[in-house]
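Derivation of every value follows stated rules applied to the coordinates shown; laboratory data play no part. These numbers were taken from a predicted model, which means no experiment stands behind them. Virtual Cβ from ideal backbone geometry, glycine too; neighbours counted across all protein chains shown.
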Amino acid sequence: MSKHTISILVNDQPGVMQRVSGLFGRRGFNIESITVGSSEEPGLSRMVIVTSGDDRTMEQVQKQLYKLIDVIKVVDVSANPMVARELGLIKVNAEPSSRPEILGVVETFRAAIVDIGPSTLMVQVVGDTEKIDAMVELLKPYGIRELSRTGVTAMARGNR
Amino acid sequence: MSAHSATLKSKEDLIGKWSKPEVISGSEMLLRSLLLEGVDCVFGYPGGAVLYIYDAMYGFSDFNHLLTRHEQGAIHAADGYARSTGKVGVCIATSGPGATNVVTGIATAYMDSVPLVVITGNVATHLIGTDAFQEADIVGITMPITKHSYLVREASELPRIIHEAFHIANTGRKGPVLIDIPKDVSAQKALFQPVTEVALRGYNPTVLPNRNQVDKMFRAIEEAERPLLLVGGGAVYSGAHEELYEFVAKTEIPLTTTLLGLGAFPSGHELHLGLPGMHGTWTANNAIQNADLLISVGARFDDRVTGKLSGFAPKAKIVHIDIDPAEIGKNVPTDIPIVGDVKAVLQVANAAAKRADKADAWRKQLREWKAAKPFKYIDSDTELKPQWVVSMIHETTNGDAIVTTDVGQHQMWAAQYYPFNKPRSWVTSGGLGTMGFGFPSAIGAKMGNPDRTVVSINGDGGMQMCAQELAICSINNIPVKVAILNNQVLGMVRQWQELIHGNRFSHIDLAGSPDFVKLAEAYGVKAFRATNKEEARAVWEEALRHPGPAVVDFVVRRDENVYPMVTQGSTIDQMIMGDSE
């Protein structure tokens, strides 16, 4: 079982998300995260799914995806050097007294404060999954009120 | 048979008339587009959401529609039409319950790769998502069991969508495509412009094989001492029976045909070992287990064929020819994958195919096995045996009928005792195993093949799941010949309960079922009953001679089992031979 990041170019059609996620569900493929948005070409969207499985499962994932008429291209971007990023928004308890300390953590991570409430701060952090995990761990002691992550989007490095 | 008025005018005139670009309703576009796809018969059932579609049919004599008595009957009929002709089967149902009634039929077609275009109505666009009267999300419900589906938003999209649907349904790995048309879209007027091109970036099935892979197969054949072909439904669906015959003639490799592959190769041929799998021949199963090269030709290694997967074909190098790349390596690890259409692959292969020269001892051994272990049953002089009835049907139809079956013991006996010599003569639900399929699929087969004898072999259980379609046989005089192997019990369940559940016979007794003769007569269908061989042959021959539809109720032995049998979890050479020993 290893983790794979699959990039899927699909027709921007109603129901395409359901077709793809439904396929994963009924074939017993795991979805760790799923993101979708527009691609470089009008009319096409790009979905990025983080999944895990052995080589045989991954081969089936790709082949079964290609059977969907709305799927144009499937690439295992994790098979080669890639950039994988997600964004996390973390609303953390922050009484004025603890704010300098939190700001220190945020700066070290090159994260940003995007909202300040009377007793909270909203932190925006961008990076790979591990970086966001680490940020969450560091902010836990202050009390995390709410956490929202986008899931991973990814792209192969270089000319690929 | 209902009207084929379309044949009265010249085809060109009609095509010109249908393709004329003009402003018409979505419903008229639908009908014209279907006609332009070559559809000569549609099976359906009207309702609120398809009122405009049925209104467009009113007085439109070019369009041939058969009104069934249940949507399930309509879709199984379309399925039987498609399997027996190779053309796309079409059915129409209304929204909500009409649409959900075709779900079983869609799944049946999907599992067996049958090309269907299923048209459903839906509530008007502005009502979708409001739990409106007779609303069901049929596109969502059928997503896992369709090859593709469409929810039509604008009438102007219909010509493109219908053309794409037919293309998708009947190319690559075939399958059902659903087109869901909201009521306002079927009423909406727009300019009709016929579509003849398909532009689908995400759909390019590989037809021609990679030659290197075919060469690898040749090297494997050259080295093989015990080669075997496993021929499946793909050989029938791609129309490859002639190519297959040539390939076998050239290589002299023995073969076995799966349930859906029956008819792809003449049964009587000395290299044909019969059916493999759960109720297959001793020889076919032992050939698979001893082969050193197994070439799958359009078969998908279904669990009913493989038995215990880890012990399947343990000595064999596997070559897998399939149009669907996802089938390759799905169940059985493959040494030489060949992606392509079976017909195209065999055409390429036949150009250079040579006799498998090292396999003479193997051929001799298989001949001996075949002679020693044919399908066998213990006949009776006092009771009708279902196997005897099937053999008698085979004899009286000269082995030349189209045979449709339901699911269960009678299906296996039909597969065992009605040897086929021609493709598209055998219509059976293999993958989904849908009871209620046998009889309505025969109606579709007869509509598609008016010149052939169509026999439907059923059990007394399955016959009651779609018996209402006797009405359309009677009213439209569709001369289907229905044989009911009536054993007063759900025989296959009884068999499993006897052999696997220690004679705990739970809820299988069908005694007290209707009198099938009276039932058929109530629908205006000629019917007979037979309780012994003499009667059986006499009334069956009379049923065949009768110009209209006929039902014969064969009262057969209740406790007969299908043998050989491989129980679940066993390898396919661990066969219970039972009476067949």
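Highest-first packing order for the peptide set A:13-23, B:147-157 is B:147-157, A:13-23, based on the mean count of other beta carbon atoms within 10 Å.
Residues B:Thr283, A:Thr57 in ascending order of nearby Cβ atoms (within 10 Å, fewest first): A:Thr57, B:Thr283. The mean number of Cβ atoms from other chains found within 10 Å of a Cβ in peptide B:197-207 is 3, as a whole number. Between the amide H of B:Thr571 and those of B:Lys308, distances stay under 5 Å, these residues lying 5 or more places away or on another chain, with hydrogens modeled in the peptide plane. The value of relative contact order for chain B, using C-alpha pairs under 8 Å at least six residues apart, is 14 percent. The HN-Hα couplings worked out from phi for segment B:350-355 by the Karplus form 6.51 cos²θ - 1.76 cosθ + 1.60 (θ = phi - 60°) are 5, 5, 9, 5, 10, 4 Hz, whole numbers, x standing for Gly and Pro. Put in line by how crowded their Cβ is, counting other Cβ atoms within 10 Å and starting with the fewest, B:His76, B:His507, B:His279 read B:His507, B:His279, B:His76.
Mean partner shielding of peptide B:324-337, defined as the number of other chain Cβ atoms within 10 Å of each residue Cβ, is 2.
Highest mean first, the peptides B:453-462, B:496-505 sorted by other C-beta atoms within 10 Å per residue fall in the order B:453-462, B:496-505.
When both bridge partners sit in chain B, DSSP labels roughly 10% of those beta bridges antiparallel. Our Cα-only numbers for the protein assembly as shown put the radius of gyration and Dmax at 29.3, 102 Å. Packing around the peptides B:294-300, B:560-566, taken as the average count of other Cβ atoms within 10 Å per residue, puts them in this order, highest first: B:294-300, B:560-566. Ranked for footprinting exposure by Cβ neighbours inside 10 Å, fewest first, B:His394, B:His410 give B:His394, B:His410. Computed from Cα positions, the angle between helix B:438-448 and the longest principal axis of chain B comes to roughly 70 degrees. Go through B:Lys385/B:Lys526; B:Lys250/B:Lys370; A:Lys63/B:Lys174; B:Lys373/B:Lys422; B:Lys308/B:Lys446; B:Lys87/B:Lys385 and tell me which ones have a Cα-Cα distance over 28 Å in this structure. Distance filter (> 28 Å) returns B:Lys308/B:Lys446; B:Lys87/B:Lys385. Scanning residues 5 or more positions from B:His320 or on other chains, those with amide H under 5 Å from its amide H are B:Ser296, B:Ile336, B:Ile338, with H placed 1.01 Å from N in the peptide plane.
Here the protein assembly as shown carries DSSP beta bridges of which approximately 45% are antiparallel, counting only pairs with both residues inside. For segment B:211-372, the antiparallel share of DSSP beta bridges with both residues in that region comes to about 0%. Estimated from the Cβ-Cβ distance and a Förster radius of 22 angstrom, the FRET efficiency linking B:Ala361 and B:Lys250 is about 0.65. Quick one: net charge of B:Ala313's neighbours, Cβ under 13 Å, K/R +1, D/E -1? Cβ neighbours under 13 Å give a net charge of +1. When the Cα centres of segment B:223-268 and segment B:464-536 are compared, how far apart do they sit, in Å? Centre-to-centre (Cα) distance: 34 Å. What is the angle, in °, between the Cα long axis of helix B:158-169 and the longest principal axis of the Cα atoms in chain B? Nearest 10 is fine, range 0 to 90. The angle comes out at about 0 degrees. Taking the longest Cα principal axis of chain A as reference, the axis of helix A:99-108 is set at about 40 degrees.
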